[in-house]
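Scroll down for the structure; my scribbles are underneath it.
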Amino acid sequence: MNRIRKYAKQIFAAEANTTTSADLEPVISIDHTNRLVEGIKSLQTVLGIVDLKPMAEGTTVKMYKTTQKNTPDQVAEGETILLTKLERKLVKTFELKLNKYRKQTTAEAIQKVGKQKAINETDTVFMRNIQKGIKNTFFVFVAAGTGTAENLAEKKAKASASIQGALAGLWAKLSAYFEDMDVEPIYFINPLDIATYLANAQITIQTAFGFQYVENFLGLGTVVLDNSLPAGSVVGTVKQNLNGVFIPADGSVGETFGLTTDETGMVGMKHYLADDSASVNTLIMEGVTFYAEDASGIFKAPIAVEAATEPASLSTEEATVATEAKK
């Protein structure tokens, strides 16, 4: 009987170098999960958000605009003080949901380029696109801001002066709106609008979660550069107006689907073999959302177009030389 069992094991034993579940779980999932979470934490730091709050799926995030409708006149001594009317309106509603993503790597792809390239490297690109989705959601909230500021530089200023003027205008508006509060301004701008300035300035650009940013730019606050932003204007708010929430991917969901998470539970991941399609699947679940709370506390300022340089007029002597050269 023992001989029969031994023979059966030999017949049905996996071939050498076969990729099994043990090769994929949990090592690969832990590595990728940690990298994605670290990216989220770095973005959290840049935006100045102290804690990401766990929320239940279906929770509604609301963005409001607060405006003062009137400015009552002062009254004489003993007279009834007139009321100041403030109005708070809903600007944007966003329902939190647990996002699910799946990528499939076929046996043919693994055989052709190896496990490392077929699974790990494509997982990196896969996660980068998930990061992009989180960023885009955040910029939807930023774009919903209702405040405006003027560019304090002249309308036809050079690009560098125009950017500084836009930031100065935003800084002034933010200082007035959040008066008597200890706040940190943060600005968002398309890299195309600031490329000329950066090419001629000694500035350290850092990266976090796909964002590029400059700390204490011109002494006015943090500037975040991203192509998701429309060119031609700068958007500014304060870090204290930004929040972050997430739907936990651990707990019952993680246990049911065998997801690997870190201690935060923000992201859950799993690699598993699909025998029926001879492939390896990468499953990711996350529900991270960064948003701005007060639409009135987000201001936008235009960037003036750089003026075309007028050709310098030639002196009499230069004109004579030019004429002689043409002969």
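Quick notes
- Cα lying deepest toward the dipole's positive end in segment 175-271, options F217, G244, I205, charges on Cβ: I205
- Peptides 77-86, 195-204, 283-292 ordered by packing proxy, namely the average of other Cβ atoms within 10 Å per residue, highest first: 283-292, 195-204, 77-86.
- Positive-end ranking of F141, T124, G114 along the dipole of segment 96-178, with charges on Cβ about the Cα centre, is headed by G114.
- The lysine pair count for segment 55-110, using Cα distances under 21 Å and pairs eight or more places apart or on different chains, is 9.
- Cα-centred dipole magnitude for segment 63-114, charges only on beta-carbon of K, R (+1) and D, E (-1), debye, nearest 20: 740 debye
- Listed peptides 116-124, 50-58, 218-226 appear in the order 218-226, 116-124, 50-58 once ranked by packing, highest mean of other Cβ atoms within 10 Å at the front.
- Overall form of segment 156-219 per C-alpha gyration tensor (a/c, 1.5; a/b vs b/c): oblate
- Average accessible surface area per residue within segment 67-152, 1.4 Å rolling probe, Å²: 70 Å²
- Values of log10 I(q)/I(0), in the order q = 0.13, 0.16, 0.18, 0.20 Å⁻¹, for segment 89-216 under a Debye, Cα-only, solvent-free model: -0.81, -1.02, -1.16, -1.29
- Fraction of accessible area attributable to carbon and sulfur, segment 172-302 (%, probe 1.4 Å): 47 percent
- Accessible area per residue in Å² at 1.4 Å probe, computed on segment 169-299: 42 Å²
- Within segment 163-305: Cβ-based charge dipole about Cα centre, in debye rounded to nearest 20 (Lys, Arg +1; Asp, Glu -1): 600 debye
- Highest to lowest packing among 63-76, 171-184, 127-140, scored as the average C-beta count within 10 Å: 127-140, 171-184, 63-76
The values are calculated or read from the model by the stated rules, or taken from the named source; none is laboratory data. None of these values were measured; they are calculated from a predicted model. Cβ: placed from backbone, ideal geometry, glycine included. Neighbour counts: every protein chain shown. For the accessible areas, the whole protein counts, side chains as well, though only heavy atoms, and no ligand, DNA or RNA atoms are used. Shrake-Rupley method; radii C 1.70, N 1.55, O 1.52, S 1.80 Å.
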